[in-house]
Amino acid sequence: MVDNVGEVQISDEVKQVSSEEVVSGSKKRKIELRSLMWKPFSKLPGGLRAKCHYCRKSYAAHSNSGTSGLSTHLDRCKVRKKMKAENDAKQQTLVCKKGKGPKGKDDGTAKVIHIGFNREACRMALVKMIIKDELPFRFVEAEGFLEFMETCCPKFEVPSRRTITRDILELYQNEKGLLKSILSANKQRVCITTDTWTSIQMSNFMVVTAHFIDEEWVLHKRILTFTPISNHKGDGIGKLIENCLIDWGIEKLFTITVDNASANTLTIAYVKKKLANWSGNSMVLNGLYMHVRCSAHIINLIVQDGLSQVSQSIASIRNAVKYVRSSPARLQKFKTCVDREKISRGGLMVLDVPTRWNSTYLMLEKAVAFEKAFERLKEDDGHYTNWFDEDESEKRRVGPPIDKDWENAKRLVKCLSIFYHVTLKFSSSLTVTSNNFLNEMWKVYIHLKSLVDSNDFLLNQMGYKMEEKFVKYWGHFFEKVNMLLIVANVLDPRCKLDFVIWCFSSLYDIRKVDELRANIKELLLKLLESYGGESNPNRGERCRAVHDGASSSIESFDPFTQFKKMKESSNDDIS
């Protein structure tokens with residue numbers, strides 16, 4: 001073992017000894033201290049002890065007793081470790097660092113920087129790797145990982161799994177404290193979303209996620225809690241939300257976004273009742289608009305009702321895809337059919353999750369492109385047709401798909417395309433979506449009207465079923481829509497009030513449009529007063545600016561033209 005931490009100055013009281021006198025019979029002879037272990041130690045007078053150059057402590061060091069004791073001390077010496085860390089940090093290395101975009105992905109740029117070895121930074125990076133990649137704590141003690149670290153970075157002492165556990169908990173507490181300080185310091189309103197589900201082990205879980213905008217107008221999303229829950233009842237969910245708000249020091253709540261389960265109505269009522277006892281500013285307008293229904297979930301319910309009209313065609317294509325993906329040999333035969341039909345592969349077939357309609361859409365979109373390949377597979381593979389004659393769960397498998405099934409699938413892909421892209425916009429978590437609600441909902445509504453007016457019997461029946469579900473959750477006159485979502489569209493400088501009124505006037509009579517206009521203006525005034533507008537002498541002017549400034553619009557975005565084109569394209573798709 002060679003110690004190359006750095007030179008340490010030896011005090012005058014320590015005598016540097018490089019040899020030792022040993023009595024052999026009647027003669028004295030000198031023995032050279034050849035071991036490199038003596039380098040960071042100095043022999044004290046008498047030759048029985050040696051003093052460490054770093055911590056200045058002495059240890060037994062007779063040549064006959066070996067140097068194992070000195071080696072043990074050198075490994076544990078805190079002063080030496082500190083000096084070694086400082087020397088490692090000073091030793092700089094040139095490296096090429098890749099640039100990262102706003103989402104942490106490689107943006108294609110790179111720059112050369114110089115860095116030094118830092119044990120604490122390496123340890124923190126290891127902790128974050130365990131968290132981000134969801135690795136088990138025992139990963140740090142795996143033989144392969146230890147061998148890898150010994151090869152690439154022998155200076156780094158890999159901590160044990162118990163140490164990693166403590167580090168992760170410490171990091172969690174630090175990050176939680178930082179987030180709590182931000183929330184308590186800025187006192188901004190927070191929107192939360194919550195959901196519950198049951199695992200395959202029949203355990204109930206609940207998650208609460210916070211969304212807020214900081215002083216730099218940057219949208220943040222943070223998971224506040226993920227915890228087991230005894231049941232899915234409204235009061236139980238409400239109590240967990242209340243405890244979460246208290247734990248994180250959140251005093252101002254704006255909205256709670258939930259799915260359409262009936263228990264969530266009780267949840268909102270429970271939270272409003274508890275927040276009413278807090279400070280007078282804990283809710284906006286006494287929580288009248290606190291309950292926000294998840295738009296993506298409503299779209300899911302609408303589409304599921306439409307898909308029920310063609311369940312047999314979907315099941316036959318799903319079984320065909322399942323056959324292809326059931327073994328490597330069958331997949332290879334299918335690839336051969338694709339090549340013979342000269343179809344561009346563009347990725348493998350995907351099998352859907354029946355409870356998630358968007359995965360069904362992706363499966364159908366991909367399957368339709370490979371229709372000819374499935375027909376050839378039916379001709380070349382004798383097992384393909386026989387596979388459908390077998391029973392699955394005591395029922396004969398549906399399929400193989402026939403021409404009618406493929407025609408239905410093609411119409412479904414066109415029909416569901418709008419719903420799929422609207423769902424993607426509603427599901428965004430890194431950008432604000434409330435100001436797009438009316439725009440996207442209007443696309444859905446116009447598309448449903450086109451389906452209902454279609455001469456195609458299948459699309460007509462689907463349109464009626466989906467329109468019924470649309471009215472159930474959003475109403476004929478949008479009376480069931482949270483009006484804050486409409487206000488968000490009014491405050492969008494690209495649209496403002498004129499666009500909202502134009503949307504309503506294309507469907508309803510003048511009396512109903514005037515009623516909606518009055519309701520929106522009244523809500524705008526209430527919101528302005530709620531945010532302290534009463535103490536502002538210019539409140540009236542600000543209100544007029546909101547109402548009368550609706551005619552201005554950004555030239556790069558013309559909502560009227562956009563929706564006219566969208567309506568025309570919807571009619572073309574189903575004609």
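The values are calculated or read from the model by the stated rules, or taken from the named source; none is laboratory data. A quick note: this is a predicted structure, and the numbers were derived from the prediction, not measured. All Cβ positions, even for glycine, are placed from backbone atoms using ideal geometry, and neighbour counts span all protein chains on display. These area figures cover heavy atoms from the full protein model, side chains too; ligands, DNA and RNA do not enter into them. Shrake-Rupley method; radii C 1.70, N 1.55, O 1.52, S 1.80 Å.
Reducing the stretch 457-475 and the stretch 111-186 to their Cα centroids gives an inter-centroid distance of 52 Å. Here's the picture: a label point sits 7 Å out from the Cα of Leu491 along the beta-carbon direction, and within the stretch 197-233 the residues with their amide nitrogen under 17 Å of it are 211-220.
The distance between label points at Gln312 and Thr336 comes to 3.3 nm (points 7 Å beyond Cα on the Cα→Cβ vector). The apolar share of the surface of the stretch 149-267, taken as the fraction of accessible area on carbon and sulfur atoms (1.4 Å probe, ligands and nucleic acids excluded), comes to 56 percent. Each peptide in 485-491, 150-156 receives the mean, over its residues, of other Cβ atoms within 10 Å, and ordering these scores from highest gives 485-491, 150-156.
Summed over the residues of the stretch 130-189 and divided among them, the accessible surface reaches 71 Å² per residue at a probe radius of 1.4 Å.
Applying 1/(1 + (r/R0)^6) with r as the Cβ-Cβ distance of Asp509 and Ser417 and R0 = 35 angstrom yields a FRET efficiency of 0.65. Estimated at 0.36 nm per residue, the fully extended path between Thr431 and Trp217 surpasses their Cα-Cα distance by 75.9 nm.
With a simple spin-label model that places each label point 7 Å from the Cα along the Cα-to-Cβ direction, the separation between Asn460 and Cys152 comes to 6.5 nm. Between Lys274 and Tyr473, the simple spin-label model (points 7 angstrom out along Cα→Cβ) gives 2.6 nm.
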